[in-house]
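Presented below is the structure to which this report refers.
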Amino acid sequence: MTTAPLDASDALSGVRDPLAPTRAGWVAGLTFASALVLALVVRGGNIVIGVALLALVFVPIEKLFALRAQKVFRPGLLTDLTHFVVNNIFVTIGAVALVAVSAVPFFWLRGIDLESRLAPEVAIPLAVVLVFVGNYWAHRLTHRVPQLWRFHSVHHSIQQMDWIAAGRLHPFDSAFTQAFTILPLFVLGYDGGVFAGAAIVVTLLAIFQHANVRLRFPVLRWVVPTPEWHHWHHAIDDEARDKNFGLPLVDKLFGTAHLPKGQRPSGFGTHDPVPQTGYLQHLTYPFTQAARSPARAEHG
């Protein structure tokens with residue numbers, strides 16, 4: 001069935017053109033455009049090139065090996081792109097501030113510069129262990145501490161998993177996780193190059209593990225967090241609640257691994273009333289009464 005175009009009488013009578021942009025659509029579009037301009041001013045064209053390259057890699061893979069049939073231009077895409085493009089500015093500022101404040105009691109220890117006293121064959125593996133164990137506990141705390149969950153629930157509001165959904169993170173949530181991960185390295189005397197390297201590795205893994213692919217990685221899935229592994233962390237299924245926080249080996253160590261053979265999650269999301277679209281709505285959600293309500297449903 002086709003829809004006839006509205007004529008002048010329809011316009012005068014207040015009938016809305018079904019193809020006309022909604023108010024929410026205009027807000028989402030303008031927010032993304034503003035965020036893109038801000039990112040270009042602060043970070044240059046590299047962010048656009050980076051997102052384009054990631055899209056060239058992941059969009060074809062997700063089409064060829066899709067776990068669930070869904071559109072590339074799905075609901076909430078502009079919101080998640082806005083997170084992806086602009087969040088890093090706020091996250092970097094927040095993480096630096098949190099590390100600086102948290103490290104005050106330990107500045108004397110950083111002055112000793114323990115890292116420089118270690119041989120490379122010890123310093124490098126130690127940094128890897130500290131990064132992945134620290135990241136695990138930071139993530140786990142965002143699930144267990146109600147005040148932190150208010151921010152982290154924005155990420156768990158994802159209902160359609162894909163590579164760009166990895167960007168849906170409240171800036172404070174991401175800043176807290178990064179600061180918690182980096183703090184031990186800072187205290188021990190590691191330099192900024194190590195912090196940057198850790199951030200890049202964790203970010204690339206995050207993008208990969210959210211991808212909408214059905215591929216299984218028989219050996220790799222117990223070494224790095226694959227989509228098969230991390231999708232269970234976002235599952236709405238009760239059995240998957242508070243599982244698969246980080247590196248599979250670390251989850252195994254702390255008893256939170258969940259990878260049932262031959263099964264996939266029935267769906268994704270959270271019972272919390274987080275808005276599905278709207279970057280500004282995501283930024284303000286943790287401060288709303290709905291997020292603070294003691295009657296909040298348990299998260300998945």
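The values are calculated or read from the model by the stated rules, or taken from the named source; none is laboratory data. Please read all numbers here as calculations on a predicted model, not as lab measurements. Backbone-built Cβ (ideal geometry, glycine too); neighbour counts: all protein chains shown. Ligands, DNA and RNA are stripped out before the accessible areas are found, and what is left, the full protein with its side chains, is counted by its heavy atoms. Shrake-Rupley method; radii C 1.70, N 1.55, O 1.52, S 1.80 Å.
Leu148 - would you say it is over 28 Å from Pro75 (Cα atoms) and either buried (at least 20 other Cβ atoms within 10 Å of the Cβ) or in contact (Cβ under 8 Å) with a residue 12 or more places away in the chain (or both)?
On the way: over 28 Å from Pro75 (Cα atoms): no; either buried (at least 20 other Cβ atoms within 10 Å of the Cβ) or in contact (Cβ under 8 Å) with a residue 12 or more places away in the chain (or both): yes.
Criteria not met by Leu148.
Would you confirm whether or not the range 153-168 contains a residue that is open to solvent by 50 Å² or more (accessible area, probe 1.4 Å), within 30 Å of Val213 (Cβ to Cβ) and touching a residue at least 12 places away in the same chain (Cβ under 8 Å)?
Residues of the range 153-168 that are open to solvent by 50 Å² or more (accessible area, probe 1.4 Å), as a first pass: 159-160.
Then drop every residue that is not within 30 Å of Val213 (Cβ to Cβ), which leaves 159-160.
Okay, now just the ones that are also touching a residue at least 12 places away in the same chain (Cβ under 8 Å), so 159-160.
Checking the range 153-168: at least one residue is open to solvent by 50 Å² or more (accessible area, probe 1.4 Å), within 30 Å of Val213 (Cβ to Cβ) and touching a residue at least 12 places away in the same chain (Cβ under 8 Å).
Would you mind stating whether Gly262 is under 28 Å from Thr181 (Cβ atoms) and out of contact with any Asp or Glu (no Cβ under 8 Å at 6 or more places or on another chain)? It would help to see each step written out before you state the result.
Working: under 28 Å from Thr181 (Cβ atoms): no; out of contact with any Asp or Glu (no Cβ under 8 Å at 6 or more places or on another chain): yes.
Considered against the rule, which asks whether it is under 28 Å from Thr181 (Cβ atoms) and out of contact with any Asp or Glu (no Cβ under 8 Å at 6 or more places or on another chain), Gly262 comes out as no.
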_Unmet requirement for Val194, which otherwise passes all of (1) open to solvent by 30 Å² or more (accessible area, probe 1.4 Å); (2) in contact (Cβ under 8 Å) with a residue 12 or more places away in the chain; (3) not in a helix (DSSP H, G or I)_ = (3)
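Among the residues of the range 104-122, which ones are touching a residue at least 24 places away in the same chain (Cβ under 8 Å) and in a helix (DSSP H, G or I)?
Going residue by residue through the range 104-122, those that are touching a residue at least 24 places away in the same chain (Cβ under 8 Å) are 106, 109-110, 112-116.
Hits for the range 104-122 are Phe106, Leu109, Arg110, Ile112, Leu114, Glu115, Ser116.
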*Need at least 2 residues that are touching a residue at least 40 places away in the same chain (Cβ under 8 Å) and within 17 Å of Trp149 (Cβ to Cβ) per element, so show me which helices (runs of 4 or more DSSP H) inside the range 198-300 make the cut, counting only ones lying wholly within it.*
279-284, 289-292
*Please state which one of Ala97, Ala119 is small (Gly, Ala, Ser), out of contact with any strand residue (DSSP E or B) (no Cβ under 9 Å at 6 or more places or on another chain) and surrounded by 12 or more Cβ atoms within 10 Å (Cβ to Cβ).*
Ala97
*Among the residues of the range 250-287, which ones are of a type in the set (Ser, Thr, Tyr) and open to solvent by 30 Å² or more (accessible area, probe 1.4 Å)?*
Ser266, Thr277, Thr284
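Going by what's in this entry, would Leu78 be described as surrounded by 13 or more Cβ atoms within 10 Å (Cβ to Cβ) and either modelled with pLDDT of 95 or more or on the phi > 0 side of the Ramachandran plot (or both)?
Working: surrounded by 13 or more Cβ atoms within 10 Å (Cβ to Cβ): yes; either modelled with pLDDT of 95 or more or on the phi > 0 side of the Ramachandran plot (or both): no.
So Leu78 does not fit the description; no.
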